[in-house]
Amino acid sequence: GENVEQHPSTLSVQEGDSAVIKCTYSDSASNYFPWYKQELGKGPQLIIDIRSNVGEKKDQRIAVTLNKTAKHFSLHITETQPEDSAVYFCAAKKGNTPLVFGKGTRLSVIA
Amino acid sequence: EAGVAQSPRYKIIEKRQSVAFWCNPISGHATLYWYQQILGQGPKLLIQFQNNGVVDDSQLPKDRFSAERLKGVDSTLKIQPAKLEDSAVYLCASSLNPNQPQHFGDGTRLSIL
């Protein structure tokens with residue numbers, strides 16, 4: 001089955017700097033890649049997603065890139081703010097199969 | 001639009017007791033999911049419903065876990081009897097259909113003593 005690896009497990013950045021989180025997946029047939037943000041005591045919140053027919057997608061300060069050949073995708077957050085501090089999860093799926101999540105990255109934005 | 005509602009938010013029980021969680025998905029969402037999230041890990045799917053039918057329960061420990069969605073809207077997840085390793089956050093998610101984005105509730109944090 002699908003396996004998703006996520007790096008780094010923790011990331012600290014200065015406010016205003018950029019943050020990059022990377023994920024690799026094992027199943028080349030996977031075609032949907034969402035990113036979730038989870039704050040303490042809350043459920044995961046979908047922040048951006050990308051399908052395999054697109055190489056990059058942007059939404060304000062957040063962007064996701066997908067490299068199907070290398071089977072990896074990345075989350076880029078620019079101009080980080082303290083409220084970006086949270087745990088971020090990547091996930092992958094193909095067709096109607098279940099979403100498989102990475103283990104998460106704890107992002108700390110230092111003011 | 002109201003989000004996914006879950007209750008209770010917290011539950012503490014002793015091992016071998018039973019517990020039930022409730023989920024009300026976003027209105028109109030036909031697909032409902034229950035996930036288990038152990039501390040420090042990503043969510044893991046337990047069961048997926050399409051309307052009131054089970055689509056995938058391959059990772060549900062059926063000797064102790066059960067779930068139902070009788071009228072195709074609300075769902076309950078039950079554990080009986082609970083084990084120490086069941087301590088986790090139980091998340092419910094819903095989507096319009098299996099190919100649309102999933103939206104999560106805030107979960108029920110279960111502690112087993």
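The values are calculated or read from the model by the stated rules, or taken from the named source; none is laboratory data. In this text, all values refer to a predicted model and were calculated from it rather than measured experimentally. A quick note on method: Cβ atoms are made from the backbone with ideal geometry, for glycine too, and the neighbour counts reach across all protein chains shown. We work out accessible area using only protein heavy atoms, side chains counted, and drop any ligands, DNA or RNA first. Shrake-Rupley method; radii C 1.70, N 1.55, O 1.52, S 1.80 Å.
The figures follow:
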{"item": "Failed criterion for A:F101 (all others in (1) closer than 25 Å to B:L32 by Cα; (2) free of Cβ contacts under 8 Å to residues at least 60 places away in the same chain; (3) within 11 Å of the chain's Cα centre (by Cα) hold)", "result": "(2)"}
{"item": "Residue within segment A:38-53 that is open to solvent by 40 Å² or more (accessible area, probe 1.4 Å), outside any loop (DSSP other than H, G, I, E, B) and among the basic types (K, R) present", "result": "yes"}
{"item": "Residues of segment A:1-15 satisfying the condition of being farther than 30 Å from B:R9 by Cα and within 11 Å of chain B (Cβ to nearest Cβ)", "result": "A:G1"}
{"item": "Test for A:P34: is it within 14 Å of another protein chain (Cβ to nearest Cβ), open to solvent by less than 10 Å² (accessible area, probe 1.4 Å) and within 30 Å of B:T108 (Cβ to Cβ)", "result": "yes"}
{"item": "Residue among A:I77, A:I48, A:I62 that alone is touching a Phe, Trp or Tyr at 6+ places or on another chain (Cβ under 6 Å) and over 27 Å from B:S58 (Cβ atoms)", "result": "A:I48"}
{"item": "Pick from segment B:41-65, criterion open to solvent by less than 60 Å² (accessible area, probe 1.4 Å) and either assigned to a helix (DSSP H, G or I) or of a type in the set (G, A, S) (or both), ranking: nearest to the other protein chains (Cβ to nearest Cβ)", "result": "B:G42"}
{"item": "Residues (more than 14 Å from chain B (Cβ to nearest Cβ) and either open to solvent by 70 Å² or more (accessible area, probe 1.4 Å) or in a strand (DSSP E or B) (or both)) located in segment A:54-68", "result": "A:E56, A:K58, A:Q60, A:I62, A:A63, A:T65, A:L66, A:N67, A:K68"}
{"item": "Pick from segment A:16-30, criterion open to solvent by 60 Å² or more (accessible area, probe 1.4 Å) and more than 11 Å from the chain's Cα centre (by Cα), ranking: farthest from the other protein chains (Cβ to nearest Cβ)", "result": "A:D17"}
{"item": "Complete set of residues in segment B:68-106 that are farther than 18 Å from A:I47 by Cα, in a loop (DSSP other than H, G, I, E, B) and either among the acidic types (D, E) or open to solvent by less than 10 Å² (accessible area, probe 1.4 Å) (or both)", "result": "B:R69, B:D74, B:A82"}
{"item": "Hits in segment A:69-111 (condition: open to solvent by 30 Å² or more (accessible area, probe 1.4 Å) and within 14 Å of chain B (Cβ to nearest Cβ))", "result": "A:K94, A:G95, A:N96, A:T97, A:P98, A:V100, A:K103, A:R106"}
{"item": "Set B:Q50, B:Q37: member being within 20 Å of A:E5 (Cα to Cα) and among the polar types (S, T, N, Q)", "result": "B:Q37"}
